Structure formats: structure tokens, C-alpha cells
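Chemist: Dumping the structure here so I can ask a few things about it.
Where a number appears in this text, it was derived from the coordinates with a stated rule and is not lab data. Because the structure is predicted, anything quoted here is derived from the model rather than measured. Here the Cβ is made from the backbone with ideal geometry for all residues, glycine too, and neighbour counts use every protein chain on show.
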Amino acid sequence: MLLILRSKKKISPKIKEFNKKLSHHLEKMGVVFSFASFEDIELFMENKKISLFINGKPLSTWKTIYPRKVGSYRGLAFILASLSKKNKIFFIDRFHEKIKDSSDAAKLVQMFNFTQNGVPIPKTYCTAIYSQKQIEAACEFLGFPIVVKQCNTSQGSGVRLAKNNSELKNAIKDLLGNKNKGDVFLQEFIPNDFEYRIFVTGNSVGAAEKKIRTKPGEFRNNVFLGAKEEFIDTSKTKKRILAAALKASRVSGIQISGVDIVEKNGRPIVLEANSCPGLTLDEEISPELKSLAHYLERCEKNATMQ
């Protein structure tokens, strides 16, 4: 079956005419087809499993997918194109397979790449719009509390914690209203007392620290929001934490990164790999600047170093 995708459900008279005339030709040729929009897409990610549905139907329903217009849904277009290729579905056009890490969907694309490559992440749900039906699906999949994130923010901004349905709807409405910050995705909340920040330089770990929140009622372990830094000896840091950080950095294609990790039942869960991590300039407590200098020196000596 052929699927023709438009960017939004609501269509103009011109698009209605286009659909009508194209349908006429396809029907005469005996082609089985359907129309949908990016707003009909739901994405579920957990462990190494990725499920994508369009109008409630699995991706495998279609043999060919043609996005007539992507609009602002570049991240979803990238993910849809990548999954189509993996499932041998002909996707028009292939340029959508190009990495969208620099787009407004950077964080969502990163979560998708992590899941595809076996980097553990929190359970993640995304859709273009959040109708009541889609919110119910997200709640069933994630359970409360739910973390609501904008796709292209930093320093803890654009992140909300919803403890019930009402808070979830308000957080989504609030964050979607700020169109300058990209789309929104949802994740399970993993209870924690702190999170690790692993500073990766190339194929090595340059520094490790614990970011410990200090403000009552705050759920984000972000230094910009007042979290305390506690640097720890990398040789005494759990090997599985360091291994997860190195893999996340490698999968992201980031040579110098700050990888945020929490633990769930003793297992590392990667929250994010930052391409421009904030560094602590107090060298009495932080080895980050020295590690960065050593890495840059090695790169300068060997320009082909990855």
C-alpha cells in the first residue's frame, strides 16, 4: 500500500484539489493508497525497541511512503525515513535520511540514534500533536510522573515534570506554545538523588562528576539551576557508567561531550550527550580543562585522530 503524507491534518482548498486529482489517477491505475499527516505519527522507544504508528497502524502496513510536505517535522521525517530504510519500505525522498542533529529536533533524533545502537535511554514517546487519545497512549506507556522536554534547549530550560494528567496537558501546551524551541517529547521519570556527568574526550574519559541538586522541589540535576558538583576519580567510577558514556558519545558522533547518566535498578540510563558541555573553571576541583588541553594537543599532533 502507498502512503501519502502531508505535514498537517488541516488542509487548504488547493491541497484538497491536489489530493482529489492525484487520487483519480492512482485509482485508475489500481494503486491501493491512503493519505495521512505527520500529526498522525506516534513514536514509542524503549530499550532497543522502536515502534512507529501512523493513524494507529504499524509502519509495516505500507510498501511506499511519500511525504508531500514535511513542514516543521524534520526530526520525525528523519526517523520515518531511517526506519523505512531499515524495514525495506521505499521512502521518497532519501535526503530525509540525512542526520538532523542540527535541527530543532536534535534531542529527539539523538534518542532515536541511541535506541537504534543499543544505548539505554528512558522510555520515550513522541507525536507531532498531543490529542487526548495520544496523551492517553503516552500515559499508559510511560506512567507518572512524566518528563516533558523541548527538543532544542539547554541548561535545564524547556523541561517540565508532570505528576498527573492535568499537569501533563498544561506542560505540553506551555512548551508547544514556544515554537522557537522546537517540538516536544515525553519520557519516563527515573527517580534519583543525583546524575553523573561524564566528560568524554575522543575515546577517553577526561573527567567524572556527580551533579547533586540542592533546591527543595527541584527534579533537575543542573548546575545552572543550583546543583552541586562533586568530582570523582574516574578510576573509581563504575565501569558500566563510563562505558555507557563512551558509547553514547561515539553513537552521537561527538568527540568532546558531556554525557548525563542516571541509574535504574543498577543499570546506566543515558539522558543526553551534550556537544558543548559547560566546564568548571576551578582547576582545584575539576580536571576538565587539563583533559581537554591534552586531547586537543593529541589532535594537533595527529590530524587524522578520531
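Chemist: Return a whole-number percent for the relative contact order of the chain, with Cα pairs under 8 Å and 6 or more residues apart as the contact set. Intermediate values should be presented prior to the final figure.
Modeler: Values: 566 pairs, mean separation 41.0, N = 306.
This gives 13 percent for the chain.
Chemist: Over 22 Å between C-alpha atoms is what I'm after, so list which of Lys247/Lys301; Lys14/Lys69; Lys10/Lys63 land there.
Modeler: Details: Lys247/Lys301 25 Å; Lys14/Lys69 14 Å; Lys10/Lys63 25 Å.
With Cα atoms farther than 22 Å apart: Lys247/Lys301; Lys10/Lys63.
Chemist: Moving to a separate point now. Give a residue-ordered list of calculated ³J(HN,Hα) values for the range 201-211 (Karplus: 6.51 cos²θ - 1.76 cosθ + 1.60, θ = phi - 60°; whole Hz; x for Gly, Pro).
Modeler: In residue order, the calculated couplings are 10, x, 9, 10, 9, x, 6, 9, 8, 9, 9 Hz.
Chemist: Remind me, relative contact order of the range 195-301 in percent, using alpha carbon pairs under 8 angstrom and six or more residues apart? Working shown, then result.
Modeler: Working: 182 pairs, mean separation 29.5, N = 107.
The value is 28 percent.
Chemist: To continue, here is another question. What ranking do Val184, Val200 get, fewest neighbouring Cβ atoms within 10 angstrom at the top?
Modeler: Details: Val184 24, Val200 28.
In order of increasing Cβ crowding within 10 Å: Val184, Val200.
Chemist: Run lengths n ≥ 4 of DSSP H only: what is the helix-derived mean residue ellipticity at 222 nm for the chain, with -39500 (n - 2.57) per run over all residues, to the nearest 500? Spell out each step's value before the answer.
Modeler: Details: 7 runs with 91 residues, N = 306.
Only helices count here, giving -9500 deg cm²/dmol.
Chemist: Also, quick follow-up: What is the log10 of I(q)/I(0) for the chain, computed with the Debye formula using one identical point scatterer on each Cα and no solvent, at q = 0.09 Å⁻¹?
Modeler: For the chain, the Cα-only Debye profile gives -0.51.
Chemist: Just rank Arg197, Arg6, Arg68, fewest to most, by other beta-carbon atoms within 10 angstrom. It would help to have the intermediate numbers written out before the result.
Modeler: Working: Arg197 28, Arg6 21, Arg68 15.
Exposure proxy ranking, most exposed first: Arg68, Arg6, Arg197.
Chemist: Lys10 to Asp93: FRET efficiency via 1/(1 + (r/R0)^6), r the Cβ-Cβ distance, R0 30 Å, to the nearest 0.05?
Modeler: Numbers: r = 24 Å, r/R0 = 0.80.
Result of the calculation: an efficiency of 0.80.
Chemist: Moving on. Express in nm, to one decimal, how much length is gained between Ser131 and Asn19 on full extension, taking 0.36 nm for each residue of separation and deducting their alpha carbon distance.
Modeler: 37.9 nm
Chemist: Ok, one more. Between the range 110-154 and the range 55-97, what is the separation of their alpha carbon centroids in Å?
Modeler: 19 Å
Chemist: Considering the dipole of the range 2-103 built from charges on the beta carbon (Lys and Arg +1, Asp and Glu -1) around the Cα centre, which of Ser72, Ser51, Ser12 is farthest to its positive end?
Modeler: Towards the positive end, the residue furthest out is Ser12.
Chemist: Once phi is turned into θ = phi - 60°, what whole-Hz ³J(HN,Hα) does the Karplus curve with 6.51, -1.76 and 1.60 give for every residue of the range 255-261, x standing for Gly and Pro?
Modeler: 6, 10, 9, x, 9, 9, 9
Chemist: Exposure proxy check: Ile212, Ile50 ranked by fewest other beta carbons within 10 Å?
Modeler: Details: Ile212 15, Ile50 19.
Ranked by crowding around the Cβ, least crowded first: Ile212, Ile50.
Chemist: If contacts are Cα pairs under 8 angstrom and at least 6 residues apart, what is the relative contact order of the range 107-188 in percent? Please list the in-between numbers first.
Modeler: Values: 109 pairs, mean separation 30.1, N = 82.
The value is 37 percent.
Chemist: Oh, and also: Answer with one residue from Tyr196, Gln132, Ala36: the one whose Cα lies farthest towards the positive end of the charge dipole of the chain, charges on Cβ with Lys, Arg +1 and Asp, Glu -1.
Modeler: Checking the options against the dipole of the chain, the answer is Ala36.
Chemist: Can you order the peptides 164-171, 254-261, 112-119 by their average number of other Cβ atoms within 10 Å per residue, highest first?
Modeler: So the order, starting with the most tightly packed, is 254-261, 112-119, 164-171.
Chemist: Return the loop-located GluC sites (Glu not before Pro) in the range 208-306 (DSSP other than H, G, I, E, B) with at most 12 other Cβ atoms within 10 Å of their own Cβ; answer none if there are none. Display every interim value, and only then the final one.
Modeler: Values: sites: Glu209, Glu218, Glu229, Glu230, Glu263, Glu272, Glu283, Glu284, Glu288, Glu297, Glu300; in loops: Glu218, Glu283, Glu284.
Within the range 208-306, the qualifying GluC sites (Glu not before Pro) (loop, at most 12 other Cβ atoms within 10 Å) are Glu283, Glu284.
Chemist: Convert each backbone phi in the range 51-60 into a coupling constant with the Karplus relation 6.51 cos²θ - 1.76 cosθ + 1.60 (shift: θ = phi - 60°), then list the ³J(HN,Hα) values in order as whole Hz, x for Gly and Pro.
Modeler: Result, rounded to whole Hz: 10, 10, 10, 10, 6, x, 9, x, 4, 5.
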